[in-house]
Amino acid sequence: MVDQCDMCYTMNMKTRNALERIYTIDQKIASGRYPNSKELAEIFEVKVLTISRDIKFMIENLSAPIRYDALHRGYYYSEKTFRLPGAFASAQEMQAIGIAKNLLSIYKDTPIYDAARQLLQSITAPISDKEQPNWFENRIVVPPIASAPVVNTVWNTITEGLRKNRNITFFYLNAWDDEYQFRRVRPYQLLFDSGVWFLYGYSEERSDVRVFSLFRMKTVRLTDKAFVLPADFSYLAQVDGSYFGVFRGGKKERYRIKFYEDSIVWVKERRWAADQKITDTRDGAVISFTSSQHDKVLRWVLSGGCKVKPLEPKRLVKDWRWHINEMKAMLLPAGSR
């Protein structure tokens with residue numbers, strides 16, 4: 001027969017006070033100081049019986065290997081490395097972490113995916129919605145996107161270079177090259193954009209920072225040569241307020257682009273740059289902002305088709321028109337170009 005008090009205790013386990021006690025008891029036991037129920041009760045100003053129920057809950061519901069040592073007159077973990085999951089928390093917090101597991105799908109082709117998913121699974125395991133367990137698994141999802149897989153050895157070598165501030169070498173295929181080229185790079189950061197991982201670092205061949213796609217690397221090696229990480233190493237500082245993904249351009253320019261019809265709603269629903277301004281006109285809307293990511297902005301404009309027209313700078317208008325003329329030429333019969 002279930003003890004009525006134990007049942008009430010279990011029903012109230014998700015309250016903040018109970019969770020704080022569970023966390024602290026875990027910390028005290030893991031410290032190796034053999035706390036007992038009386039000492040713990042004094043810390044929380046509760047009855048010894050309440051602590052006893054906390055211990056019982058941890059053993060039965062959280063699989064905590066708690067034992068009592070008569071010699072030291074206190075509790076200890078029979079598995080010295082055991083700790084409660086760090087995010088053992090409220091139902092709402094558990095739900096947020098569960099949803100995060102689904103968001104991990106954007107990293108599915110990378111070595112970190114399985115480890116991260118297993119970690120989140122272990123965190124959410126202690127508490128679940130018993131009436132509708134993991135209901136969000138098929139209700140809050142991230143649609144698949146085109147992605148570039150990353151080889152484990154490439155990932156591990158680069159992250160080791162990041163951790164130890166050591167140069168790496170590899171052969172790299174640029175989009176405009178036919179053959180792989182040798183590179184020596186000081187790895188600064190790993191960047192993720194639209195399904196592709198990039199390395200941002202200082203290229204010794206170019207004496208400047210560059211961005212490299214991990215998918216187009218091969219024979220990646222970690223060297224013994226260490227480097228000092230500069231204070232201004234961050235990629236985010238380089239693009240400074242321009243939200244068009246991974247691309248390192250040149251100088252900042254002022255952009256003005258006009259949107260028409262249904263594309264107006266599309267451009268207004270997102271923030272494309274920190275300093276963007278959108279002005280409604282009689283027949284559309286004009287967005288203005290500064291950015292150093294010219295090629296990314298051009299691709300963004302072209303993706304809008306006939307619903308988007310660049311106004312400034314002149315370089316953007318010129319490149320846009322060149323692409324339009326090339327597309328027109330593709331419509332001509334074969335051999336007439």
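Among 248-254, 211-217, how do they line up by average Cβ neighbours within 10 Å per residue, starting with the highest?
Values: 248-254: 13.3, 211-217: 19.3.
Top of the packing list down: 211-217, 248-254.
Mind giving me the nanometre distance, one decimal, between the label points for D193 and R282, set 7 Å out from Cα along Cα→Cβ?
Result: 3.9 nm between the two label points.
Measure up K277/K309; K164/K252; K80/K108; K251/K277; K225/K296 against 26 Å on the Cα-Cα distance and list the ones that go over. Walk me through the numbers on the way to the answer.
Numbers: K277/K309 16 Å; K164/K252 33 Å; K80/K108 33 Å; K251/K277 20 Å; K225/K296 34 Å.
Long pairs (Cα-Cα over 26 Å): K164/K252; K80/K108; K225/K296.
Compute the relative contact order of the stretch 238-330 as a whole-number percentage, counting only Cα pairs closer than 8 Å that sit 6 or more residues apart in sequence. Don't skip to the end; give the middle numbers.
Working: 141 pairs, mean separation 32.9, N = 93.
For the stretch 238-330, the relative contact order is 35 percent.
May I ask you to derive the FRET efficiency for E312 and R184 from their Cβ-Cβ distance with R0 = 30 Å, giving the value to the nearest 0.05? Provide the component values of the computation, followed by the final result.
On the way: r = 39 Å, r/R0 = 1.30.
Efficiency at R0 = 30 Å is approximately 0.15.
Using the Cα centre as the reference, give the magnitude of the dipole from point charges on the C-beta atoms of the stretch 267-322 (Lys, Arg: +1; Asp, Glu: -1; all else neutral), rounded to the nearest 20 debye.
With Lys and Arg at +1 and Asp and Glu at -1, about 120 debye.
Work out, step by step, the length gained on full extension between I140 and K225: first 0.36 nm times the residue separation, then minus their alpha carbon distance; give nm to one decimal.
On the way: separation 85, 0.36 × 85 = 30.60 nm, distance 4.59 nm.
Using 0.36 nm per residue and subtracting the Cα-Cα distance, I get 26.0 nm.
In the stretch 157-245, with Lys and Arg counted as +1 and Asp and Glu as -1 at Cβ, which of these residues, V239, L199, N174, has the Cα nearest the positive end of the dipole, that is, farthest along it?
Of the listed residues, the answer is L199.
Averaging over every viewing direction, what projected area does the convex hull of the Cα atoms of the stretch 222-302 cover, in nm²?
Values: hull surface 29.1 nm².
Taking a quarter of the hull surface, the average projection is 7.3 nm².
None of the figures in this text is laboratory data; all of them are computed from the coordinates on show. All of these numbers come straight from a predicted model, not from anything done at the bench. No Cβ is skipped: glycine too gets one built from the backbone with ideal geometry, and neighbour counts run over all protein chains shown.
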